[in-house]
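Values quoted throughout were computed directly from the atomic coordinates according to the rules given, and no laboratory measurement underlies them. Since we're looking at a predicted model, the values are computed, not measured. Because the Cβ atoms are built from the backbone with ideal geometry, glycine has one as well, and the counts that use them run over all protein chains shown.
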Amino acid sequence: NFQQVLSGSLLHALFNSLVLAFLSTLIATVTGALAAYSFSRRKIPFKGPLLLFVLFTSGVPLTILIVPIYQLFAQYGMLTIFPTAVFLAVTSLPFEIYLMKNFIDAVPVDLEEAARMERASTFQVLRRIVVPLALPGIAAAAIFGFVNAWGSFIVPLILITPTNEQPGPVAIYSFIGAANILYGDIAAYSLVFCVPVFILYALSARLFREGFVLGGAVKG
């Protein structure tokens, strides 16, 4: 069973899942971190209602968006893997913004003010202070986005029409036929499909154990 699923188009489907999840995670994490920093540090009109709206949109079911999104993608010839990755990034963005904002709120503002006194730009403050200190929260949001895109089934099934761009979950669905069901192949492919997520959590375990190390960063 393992020899069968780790060959040909089935192996290529795993690569498609990796591309889909990586692009979605990259887009959602970068844009989400910028939006979370703005919500945390900038004075935005109606910030409270906006945050509630962001939190509300994170609970909107994807199924109610599939039909209009499919019509839009079909109209502009976008039924491929890259526009689908952008759509998955947008769907995970509200929760990632809310999660990262809470972590950025815990970063002392005094550190940013000290950096600005040294004439650091906003990008330098983000890159050298905010992102390193809020890294556990950003990593948690990135993992959420990756797992969300990695295990997505309905969205790529409908929004990706080329067969050579279909990801792993759709490939697992192909083992279920009208006459028979390949249970051995389903089990083997499912185990292989879980490996990247296990590796991701193993690599990030140390980061989560360390957590925040903010004590002593600012002198009284």
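Key figures for this structure:
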{"quantity": "Separation of alpha-carbon centers, region 61-92 and region 124-167, rounded to whole Å", "calculated": "16"}
{"quantity": "Using a Förster distance of 41 Å, the FRET efficiency for Gln4-Val131 (Cβ separation, nearest 0.05)", "calculated": "0.40"}
{"quantity": "Spin-label pair Ala179/Ser204, simplified geometry with 7 Å Cα→Cβ offset, distance in nm", "calculated": "4.4"}
{"quantity": "Extent along principal axes [Cα atoms of region 11-128; Å; largest to smallest]", "calculated": "51, 35, 23"}
{"quantity": "Most to least packed among 52-63, 74-85, 29-40, 125-136 [average Cβ atoms within 10 Å]", "calculated": "29-40, 125-136, 74-85, 52-63"}
{"quantity": "Semi-axis lengths (Å, descending) of the ellipsoid that matches the C-alpha gyration tensor of region 1-77", "calculated": "36, 18, 12"}
{"quantity": "Region 64-136: equivalent-ellipsoid semi-axes (sqrt of 5 x gyration tensor eigenvalues, Cα, Å)", "calculated": "38, 14, 9"}
{"quantity": "Charge dipole (the chain, unit charges on Cβ, about Cα centre) - positive-most of Pro136, Val30, Met117", "calculated": "Met117"}
{"quantity": "Phi to ³J(HN,Hα) by Karplus 6.51 cos²θ - 1.76 cosθ + 1.60 over region 147-153, Hz, x for Gly, Pro", "calculated": "5, 4, 6, 5, x, 5, 10"}
{"quantity": "Distance in nm between pseudo-label sites at Phe153 and Val197 (7 Å out along the Cβ direction from Cα)", "calculated": "1.2"}
{"quantity": "Helix axis angle, 8-41 relative to the chain longest principal axis, alpha carbon, degrees", "calculated": "20"}
{"quantity": "Rounded to 10°, Cα long-axis angle of helix 47-57 versus longest principal axis of the chain", "calculated": "10"}
{"quantity": "Pairs of Cα atoms farther than 27 Å apart, the chain, %", "calculated": "44"}
{"quantity": "Linear extension gain, Val86 paired with Ala187, 0.36 nm per residue minus alpha-carbon span", "calculated": "33.4 nm"}
